[in-house]
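Report on the structure given below.
Every read-out reported here was derived from the displayed coordinates using simple, explicitly stated rules and does not represent laboratory data. Computed from a predicted model, the values in this text were never measured in an experiment. Cβ: placed from backbone, ideal geometry, glycine included. Neighbour counts: every protein chain shown.
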Amino acid sequence: MVKQHKKISSLASALRLQAAAGVDRLILVTDSERQLDPERVVKRLPAGSIVILRDYDHADRLALAKKIRSACRKAGCWFLVAGDASMARHVGADGLHLPEYMLNAGRVNRAGFHIITAACHSRRALRRAHTLGVDLALVSPVFATASDAEKTPLGVHGFSRLIACAQIPVAALGGVNQRTAKHLYGLKIAAIAAVSAL
C-alpha cells in the first residue's frame, strides 16, 4: 500500500509539472548520476511520456538501454536512445535522439524509428533539425541547470525569441521544475524535458 501511494504521489507530481507548463507531454532525459533508479522514475511517468537514454558514459549502456526500454513498454512511454542509431535499433527503441553535433550529418536514416528528436541550442540548429526532418527539438538550457552549469541560461524571453523561428515542435529543457515550469505557460512548446525534476 505504501509503494502504491508513493507511485500515485509521484505520478501526481509529474502531472502537476506538466500542467504548470501547459503542455501535453513530458520528456525524461536519463542521467544515472542524478537519478539513482531511472527505471523507477519511468514507472511513475504518465503514459505517452518520452524517455531519452542519454548516459553516454555508462559502464554498460546497452544493458541499461534494455532495462529502460522494458520499463517504458510497461509504462506506455516512448523510448529513445541518444546518439547511437545502431544501439537504438538493436534494443528496439521507438526512436533516436540526436545531440546537436549530429545535425551536421548529411541526412538522418529514419528506418525503424517512429520519432527523431534533437538537441538544439541555436537558430541554426533549429533550421538544420527542420531540414533533416527531426520531429521535436529539445531547446536548452532555458533555466540554470547542473547539467549545463557552464552555459548561460536563455531565460524565458531568450527562449521565447529563439523558438519563435522554429518550424518544428520544441520542448524546453534545462532547469525545468515545479518552480520554473509555470513561467513557460502560454509559450508555443510541445513538451517539457527534465532530468532531476521527474
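Of all the criteria given as (1) under 17 Å from ILE50 (Cβ atoms); (2) assigned to a loop (DSSP other than H, G, I, E, B), the one not satisfied by ALA193 is (2). I need every pair where a residue in segment 77-101 that is more than 20 Å from SER49 (Cα to Cα) has its Cβ under 6 Å from the Cβ of a residue that is surrounded by 23 or more Cβ atoms within 10 Å (Cβ to Cβ), sequence separation at least 6 or different chains. Filtered contacts from segment 77-101: ALA85/LEU96; MET87/VAL81; GLU100/ALA119. In the set GLY83, GLY155, only one residue is in contact with a His (Cβ under 8 Å, 6 or more places away or on another chain) and at positive phi; that residue is GLY83.
For every residue, the table says whether it meets (1) of a type in the set (A, V, I, L, M, F, W, C); (2) part of a loop (DSSP other than H, G, I, E, B); (3) farther than 23 Å from ALA129 by Cβ.
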site: ARG16; (1), (2), (3): no, no, yes
site: ALA20; (1), (2), (3): yes, no, yes
site: ARG34; (1), (2), (3): no, yes, yes
site: PRO46; (1), (2), (3): no, yes, yes
site: ALA59; (1), (2), (3): yes, yes, yes
site: LEU64; (1), (2), (3): yes, no, yes
site: SER86; (1), (2), (3): no, no, no
site: GLY92; (1), (2), (3): no, yes, yes
site: PHE113; (1), (2), (3): yes, yes, no
